[in-house]
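The structure appears below as structure tokens.
The values are calculated or read from the model by the stated rules, or taken from the named source; none is laboratory data. Note that the structure is a prediction, hence the values are computed from the model and not measured. Using ideal geometry, Cβ is built from the backbone for each residue, glycine included, and neighbour counts are taken over all protein chains shown. For the accessible areas, the whole protein counts, side chains as well, though only heavy atoms, and no ligand, DNA or RNA atoms are used. Shrake-Rupley method; radii C 1.70, N 1.55, O 1.52, S 1.80 Å.
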Amino acid sequence: MIQLTATPASALVDEPVHIRATGLSPFQVVILQASLADEKGNLFHSQAYYKANEAGEVDLQQAPSLGGDYIGVHPMGLFWSLKPEKFLMKLVKKDVVNSPFLVQIKLYDSNLQLTDIATTAPKVSLTLERWYVAPGVKRIQVREGPLRGTLFLPPGEGRFPGIIDLFGGIGGLIEYRASLLASHGFVSLALAYFNYEDLPAQPEKTELDYFEEAVNFLLRHPKVLGPGIGIVSISKGAEIGLSMAIHLKQVTATVLINGPNFILGIPQVYHGQISKPLALSPQSLSINALGLAEFQHSFEEARREASETSLLPIEKAQGHFLFIVGEDDKNLNSKVYAEQATQQLSRYGKNNWTLLSYPGAGHLLEPPYSPLCCASEISSLHLSIHWGGEVTPHAAAQEHSWKEIQKFLRKHLVPVVTSQL
Amino acid sequence: MFQLTATPASALADEPVHIRVTGLPPLQLVTLTASLKDEKGNVFRSKAFYKTNEVGELDLMKAPAFGGDYVGVHPMGLFWSLKCQKAFRRLLKQDVMNSPFWVTLNLYDTVGLQDFSTEEPIASQVVQRWFSAPGVQRVQVREGRVRGALFLPPGEGPFPGVIDLFGGRGGLVEFRASLLAAHGLAVLALAYFAYEDLPELLQEIDLEYFEEAANLLLAHPKVQTPGIGVISVSKGAEIGLAMACFLKQVVATVCINGSTAICEFPLRYKDLVIAPIPTFMERLQFDISGAVRLLHYRGDPRDKVNQRSVLPVEKAQGSILFIVGENDECSKSREYAEQALHQLQNHGRNNGRMLVYPGAGHLIEPPYAPLCYASPNLKLSSPLLWGGEPTAHATAQEHSWGEILKFFRQHLIQARSKL
């Protein structure tokens, strides 16, 4: 009798699942499929072909996929290779607290034609819950003064290291990374800064005072450990994260994922002082074979003509940096920018940084097992932006960097208590 | 007063166009776009960003594009980087005789991220791209079992004869045959399935059908004897190579990205049946776009168990030219060609040659044809991935076309001079 097991059946979305099939014929080739529907009903699917061993078993921790959406031994491949039915649709969980994503795992005989799978019942199937919060995490909407966002508190008594979570040019409020970090013991403030509630829809400048207020708000919170806080930031958010680390000594640990070492597009203002941005050269936009727009060279001209003063003065920051770079980033020239920033630190005799550079990873590095979103449509521009990344190495980068991010934040935000006897 | 010129305004689709702009301000950033609508109403577009020189001129033969659909000096870049709005559409001219593709070239005096198709250009030119030349004749062929279209060059002849075979797409594809006729060859675009009363699906290769076609071509009063050529791509190239091996009438064969062993279904020729190398559905891979990569799907022709499926190239009496795209995502073209050449060497033959193009994909077509990333096929619900990096693929098409014409002239004219 064919059996399919997947444990744990209910877990955090960044926890691995052990999938096994037993009771097959020896060396039988089977198709494993995963599917999920997001909150709007958009469907995502993945599939892989496996061959059972002599005992008629397939253990995804040991068996290689022979084909499908990924090949080789990848226990979580069915999750991170999920592809949308609607091309370029990104998988995003909006309600991170009240419901999980339900992932169906199905097993089919490989004798089936690919075209028949949709209309044939699987030999066996099961459903898994993938949660974005751990039990006991509290979600609190934030509307303090100008601040707009969501605060996630880990369960339990006492104080926890605090972090601010910043996403990029997409705007709005994205909560899923903050809710996961709270599940791992961080007080996390998912902070919106444009295109959300009464925040400006399309800001003409970035007001760093807003972010300073967010830092002070977080440090005032009774559950935040202090005396410093951390930042986890990506893309445009990482420009802001870097700037916060430079100006605010309370920022002691900053994670910069695929960000620039200069100001993108619109100026920054802090305490009345204006810092000028570098302008994008639209003529340097590159369109790839699939018609996707690649922007990673679009700041080259401005950078060539600019002086050193237009680079952010990272040497002034007092905290520590973790640079996370996807080498296949097609949106920002992340590797070049991160290397230039770390070289600048080295020139000033500082070694308060670590750079993790991932070959094959793209711009949108997310928590582990998130499917690669390689491009997104921007309807206002009739463009689809290529983020880059190859499916398998991008997944490996997400898995590795997530652990490193948490290690880094704990190391610099939680004081080491040494017993002195 | 500024001017946009594109010459020649009307030409064969494999001829280059010289695009120039004059009379603009010096060092001005401009956008050039191309667009065409195919016979099914699909719109294809391309764009590139340029800068005029110090006298306000732009010559695409000298100036580099800074960005857009291609980068660098590519005089024909606007043509080969044309992309369809709808994914996975292949640009393919159906009516090759009566109408050209009309390509509209537009000039804008700005650069930007906007959709230029909604803006008024400051200058515009339309060029005609034809797939046949004046005097080329098209004859529908329905004789015996043979189905296709014969393209005859203008004049008395006789002309070297060539059979043109496309691949797993089926039906009848005429544009390459008609272009070759414009270059002085008598070409039979030959259908073999999914056309008229031919079988709907390809389930075996009946080589006698192709022999019938070869004999039919040779019997035509305007076709040279005693030998013909074959130009073939993809699945067609597997058949083309089989023709070269078994039919003495075939004296010059071009195989583009084909297998050199029989795959998927058997080949039959008189008493001979060649069993196919098996395919492994579990080795299908899905690309990020959802297109299917067939690259690893077929068994290995170098595997001992598959030797009976490998075509006996040493039996071919004529010359063979293998055209290989190294970035072919559908077929291990380089490995196949190398195995065939190795086989020829082992038998003391030197009638085979390979041209390998780095960066080129599976569908190597005549020059300036846009790269097709993937396109639908009859059997699978997902499109098939072809592979190829646009710029390298365009270079391969330009170079290989010249080599193909040289190859046919060399080996088909020689046959005549032996008389």
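Okay, here's what the table says:
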item	result
Fraction of alpha-carbon pairs over 23 Å apart in the range B:3-130 - percent	28
Choice from A:T120, A:T392, A:T206 showing the highest fluctuation, given a GNM over chain A with Cα pairs closer than 10 Å	A:T120
On Cα atoms only, tilt of A:334-347 relative to the major axis of chain A in degrees	40
Normalised alpha carbon radius of gyration of the range B:258-340 [divisor 2.2 N^0.38 Å]	1.18
Surface/4 of the Cα convex hull for the range B:147-244, nm²	5.7
Principal semi-axes in Å for the range A:3-131 [√(5λ), Cα gyration tensor, largest first]	25, 17, 13
Test item: B:287-295 mean partner chain Cβ contacts at 10 Å	4
Cut-off 19 Å (backbone N to label point 7 Å along Cα→Cβ of A:R347), residues of the range A:299-313	A:300-313
Two-decimal ratio, the range A:118-158, of alpha-carbon radius of gyration to 2.2 N^0.38 Å	2.13
Rg/Rg_globular for the range A:138-413, with Rg_globular taken as 2.2 N^0.38 Å and Rg from C-alpha atoms	0.95
Shielding by partners, peptide B:108-114 (average Cβ within 10 angstrom, other chains)	4
Cα centroid of the range B:207-264 to Cα centroid of the range B:339-406, whole Å	18
Listed residues B:E338, B:E120, B:E389, most fluctuating in chain B (Gaussian network, C-alpha, under 10 Å)	B:E120
Estimated [θ] at 222 nm from DSSP helical runs (n ≥ 4, -39500 (n - 2.57)) normalised by residues in the protein assembly as shown, nearest 500	-6000 deg cm²/dmol
Heavy atoms of A:M76 accessible to a 1.4 Å probe, total area in Å² rounded to 10	10
Extension gain from A:Q3 to A:V73, taking 0.36 nm per residue of separation minus the Cα-Cα distance	23.1 nm
The range B:136-151-the range A:84-151 distance, computed between alpha-carbon centres (Å)	56
Of B:F286, B:F44, B:F159, the one that fluctuates the most in a GNM where chain B has Cα springs shorter than 10 Å	B:F286
Angle in degrees between helix B:207-219 and the longest Cα principal axis of chain B, rounded to the nearest 10	70
Virtual paramagnetic centre 7 Å along Cα→Cβ of B:A9, amide N under 14 Å, in the range B:121-155	B:124-129
Pair-distance profile P(r), taking every C-alpha pair of chain B, with 10 angstrom steps and integer %	5, 22, 30, 24, 13, 5, 1, 0
P(r), alpha carbons of the range B:85-161 - 5 Å bins starting at zero, rounded %	3, 10, 13, 14, 15, 12, 9, 7, 7, 5, 3, 1
Folded to 0 to 90 degrees: helix B:390-417 orientation relative to chain B principal axis, Cα	50
The range A:1-17-the range A:387-406 distance, computed between alpha-carbon centres (Å)	21
Spherically averaged projected area in nm², based on the convex hull that wraps the Cα atoms of the range B:283-419	10.2
Extension gain from A:S125 to A:L355, taking 0.36 nm per residue of separation minus the Cα-Cα distance	78.6 nm
For B:T7, solvent-accessible area (1.4 Å; no DNA, RNA or ligand), Å²	80
Calculated diffusion of the range A:324-421, Stokes-Einstein form, Kirkwood radius summed over Cα pairs, 20 °C and 1.002 mPa s, µm²/s	140
Whole-percent carbon and sulfur share, accessible surface of chain A, 1.4 Å	52
Nearest-0.05 FRET efficiency for B:Q137 and A:F87, computed from C-beta distance (R0 35 Å)	0.20
Long-range amide H partners of A:G259 with built H, under 5 Å	A:S235
Kirkwood-based shape ratio for the protein assembly as shown, expressed as Rg/Rh from alpha carbons	1.03
Cβ-Cβ FRET estimate between A:V269 and A:V414, R0 fixed at 41 Å, reported to 0.05	0.80
Inter-chain Cβ neighbour average for residues B:168-181, partner chain, 10 Å	0
Within the range B:116-197, GluC sites (Glu not before Pro) in DSSP loop having at most 14 other beta-carbon neighbours inside 10 Å	B:E119, B:E156, B:E196
